[in-house]
Amino acid sequence: MGTRLDDAEYARLRHCMVNDQLCARHIENKQVLEAMEKIPRHMFVPATHRHSAYSDGPVPIGLGQTISQPYIVARMTELLHLSSTHRVLEIGTGSGYQAAVLAELAGTVWTIERHLELARRAEELLLELGYTNVTVMTADGTLGFADAAPYDAIIVTAAAPRVPACLRDQLRPSGRMVIPVAAGYNQDLRLIERLPDEPSDRCFRETSILGCVFVPLIGEDGYSK
């Protein structure tokens, strides 16, 4: 599709995305809805795919990676119960779009991407858009980032064979983690809550949220390449 859209048309498509894909599927968090109506999602996808930026599905961003379906971004963010003082760790920066949504709601965001090219591209765009509360790193996301732990929230945007132990350890008591986990041939989006004042063998509560499809989480405590 060769037609270039102007800012007004992108704004209209963004509004339709929020109404038709998010509100219609019972995303109710006002801050999440406002963030996703504000952020120019089309800037986070390659120019050749910008006509699909607000469609109801994932969009390729190169190197075998995708920007997640808008509904999944909204649902995962909503599950974190973020506030303006929260410290958040994201595993799988990708395009940087999810990090931008997190930055609108939280105080500080650390995001890890294993592909240097994607990390650099995301960092440049996030700074261009004014998100100075996001730190982008290139590393093995399955190990988290212990230097800034503990986190109030952790979000993983790739499917893991299991919940990485390092990520559990870096979650603050009363913190929440959202992660897709392989379940046989399927994937299951799970909410992991670290319970306060509980013995170590009972300090996590795990809830299945919905079936999903993500690229695999590659790393020491994930899948091999």
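So which residues in region 143-168 are in a helix (DSSP H, G or I), surrounded by fewer than 23 Cβ atoms within 10 Å (Cβ to Cβ) and either touching a residue at least 24 places away in the same chain (Cβ under 8 Å) or touching a strand residue (DSSP E or B) at 6+ places or on another chain (Cβ under 6 Å) (or both), if there are any at all?
In the first step, residues of region 143-168 are kept if they are in a helix (DSSP H, G or I); the result is 143, 146-148, 165-168.
With surrounded by fewer than 23 Cβ atoms within 10 Å (Cβ to Cβ) added as a condition, the list becomes 143, 146-148, 165-166, 168.
Residues satisfying the conditions are Leu143, Ala146, Ala148, Ala165, Cys166, Arg168.
Taking only region 184-197 into account, find how many residues are in a strand (DSSP E or B) and either within 15 Å of Tyr223 (Cα to Cα) or free of Cβ contacts under 8 Å to residues at least 60 places away in the same chain (or both).
7
Looking at region 93-110, is at least one residue among the charged types (D, E, K, R) and in a helix (DSSP H, G or I)?
Yes, some residue in region 93-110 is among the charged types (D, E, K, R) and in a helix (DSSP H, G or I).
Per-residue answers, yes or no, for (1) in contact with a Phe, Trp or Tyr (Cβ under 9 Å, 6 or more places away or on another chain); (2) touching a residue at least 40 places away in the same chain (Cβ under 8 Å); (3) buried (at least 20 other Cβ atoms within 10 Å of the Cβ):
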site: Ser95; (1), (2), (3): yes, yes, yes
site: Ala103; (1), (2), (3): yes, no, yes
site: Glu117; (1), (2), (3): no, yes, no
site: Leu125; (1), (2), (3): yes, yes, no
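Mind checking whether some residue in region 66-75 is closer than 25 Å to Glu193 by Cβ, at pLDDT 95 or above, basic (Lys, Arg) and touching a strand residue (DSSP E or B) at 6+ places or on another chain (Cβ under 8 Å)?
Among the residues of region 66-75, at least one is closer than 25 Å to Glu193 by Cβ, at pLDDT 95 or above, basic (Lys, Arg) and touching a strand residue (DSSP E or B) at 6+ places or on another chain (Cβ under 8 Å), which makes the answer yes.
Hey, can you tell me all the residues within region 173-183 that are touching a residue at least 24 places away in the same chain (Cβ under 8 Å) and not small (Gly, Ala, Ser)?
Passing the criteria: Pro173, Arg176, Met177, Val178, Ile179, Pro180.
So, of the residues in region 36-59 that are closer than 9 Å to Pro70 by Cβ, touching a Pro at 6+ places or on another chain (Cβ under 8 Å) and not basic (Lys, Arg), which turns out to be surrounded by the most Cβ atoms within 10 Å (Cβ to Cβ)?
Step by step, filter region 36-59, then rank; the result is Met36.
Could you tell me whether any residue of region 202-214 is at pLDDT below 95, part of a helix (DSSP H, G or I) and surrounded by fewer than 16 Cβ atoms within 10 Å (Cβ to Cβ)?
Scanning region 202-214 turns up at least one residue that is at pLDDT below 95, part of a helix (DSSP H, G or I) and surrounded by fewer than 16 Cβ atoms within 10 Å (Cβ to Cβ).
What is the residue count in region 111-132 for residues that are in a loop (DSSP other than H, G, I, E, B), closer than 23 Å to Ile72 by Cα and not hydroxyl-bearing (Ser, Thr, Tyr)?
3
So, of the residues in region 57-79 that are in contact with an Asp or Glu (Cβ under 8 Å, 6 or more places away or on another chain) and in a loop (DSSP other than H, G, I, E, B), which turns out to be farthest from Ala122 (Cα to Cα)?
Top of the filtered list is Gln69.
In region 80-123, what residues are hydrophobic (A, V, I, L, M, F, W, C) and closer than 18 Å to Leu33 by Cα?
Passing the criteria: Leu80, Leu82, Ala99, Ala100, Val101, Leu102, Ala103, Leu105, Ala106.
The values are calculated or read from the model by the stated rules, or taken from the named source; none is laboratory data. Because the structure is a prediction, the values reported are computed rather than measured. All Cβ positions, even for glycine, are placed from backbone atoms using ideal geometry, and neighbour counts span all protein chains on display.
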